[in-house]
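The values are calculated or read from the model by the stated rules, or taken from the named source; none is laboratory data. Nothing here was measured: the structure is a model prediction, and the numbers come from that model. Cβ atoms come from the backbone with ideal geometry, glycine included; neighbour counts cover every protein chain shown. These area figures cover heavy atoms from the full protein model, side chains too; ligands, DNA and RNA do not enter into them. Shrake-Rupley method; radii C 1.70, N 1.55, O 1.52, S 1.80 Å.
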Amino acid sequence: MASRTAPDSLRQVQDLVNTLDIETGADALTADGGLGAFLRDHGVPEPAPGRGASAALEELRELREALREVCLAHTAGTAVPELAARTLDRLLAAAPLVLAVRPDGGAALRPAPGLGGAAQVTARIAAGIATAVADGTWTRLKACEAHDCRWVFYDKSPAGRSRWCTMAVCGSRAKMRTYRARRAESE
C-alpha cells in the first residue's frame, strides 16, 4: 500500500487507521502481540493482560473506524457521519487534555495525568488533531476512495483534491472501472 506520510501532528491518526488492511483483512492490532507493539511504538504503556487489554483493543478499534469515517468525509468533502461523530465524542470525553505552558512561553496540549492505554492514545490523537486544525492540515488527512482499500494518506497535492492513496493502483483501477462502465453503456 502506498502511503503519503502525514505531518507529525497527524501521524498517530494515520498509523492507527492503517493498522487494518481492508483489502487483505490483516489487522495489526489483533495480531499476536499487535496491541502491545502499537502502544509501545507510540510511547504508551501496555495495559494489564485480560480485561484491560481487551477493553483497550476494543476502544482503539472503535476509534480507528470512527477516524476512518472522518478521513473518508475529508476525501468526499462531506459531513462526518453522525454515528462516527458520536463515537468520537464519547471516546474523546474519556481522554481529557491539559494545556501545558512551556518555558519558552509556548503552549501545547497533552494527555491529562493518569491516562493509560487507549485513553492515552486517544488524548494524544486529540492533541494532534487540535494542532492540525490550527495549522490547516487536518482536512488533508484522507482515506482512499476505493472501497477495497480505505488506506489513510496525507494529500500533498497543491489543490488538496486527491481521492486515492496512489494513482498507480487505486486511482488506475477506479478510472478503468469508469471507462468500462461508459463503454458498456454505449454498446
State the number of residues belonging to the stretch 105-145 that are free of Cβ contacts under 8 Å to residues at least 12 places away in the same chain and under 30 Å from residue 51 (Cα atoms). 1
Take the stretch 1-24 and flag every residue that is under 23 Å from residue 163 (Cβ atoms), open to solvent by 20 Å² or more (accessible area, probe 1.4 Å) and not acidic (Asp, Glu). 1, 2, 3, 4, 5, 7, 9, 11, 18, 20, 22, 24
Could you tell me which residue of the stretch 36-48 is nearest to residue 116 (Cα to Cα), considering only residues that are under 16 Å from the mean Cα position of the chain (by Cα) and surrounded by 15 or more Cβ atoms within 10 Å (Cβ to Cβ)? 39
Select from the stretch 1-40 the residues that are hydroxyl-bearing (Ser, Thr, Tyr) and under 14 Å from residue 150 (Cβ atoms) and list them in ascending order. 3, 19, 24
Does residue 73 satisfy being small (Gly, Ala, Ser) and closer than 17 Å to residue 10 by Cβ? yes
Considering every residue within the stretch 49-66, establish whether at least one is more than 16 Å from residue 120 (Cβ to Cβ) and surrounded by 20 or more Cβ atoms within 10 Å (Cβ to Cβ). yes
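Conditions tested, residue by residue: (1) out of contact with any Lys or Arg (no Cβ under 6 Å at 6 or more places or on another chain); (2) within 24 Å of residue 35 (Cα to Cα).
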site	(1), (2)
123	yes, yes
126	yes, yes
136	yes, no
141	yes, yes
147	yes, no
153	no, yes
157	yes, no
What tally of residues in the stretch 100-131 results from selecting those that are out of contact with any strand residue (DSSP E or B) (no Cβ under 7 Å at 6 or more places or on another chain) and closer than 19 Å to residue 17 by Cβ? 9
Qualifying residues in the stretch 20-50 (those that are among the aliphatic types (A, V, I, L, M) and in contact with a helix residue (DSSP H, G or I) (Cβ under 8 Å, 6 or more places away or on another chain)) - the one nearest to residue 68 (Cα to Cα): 20
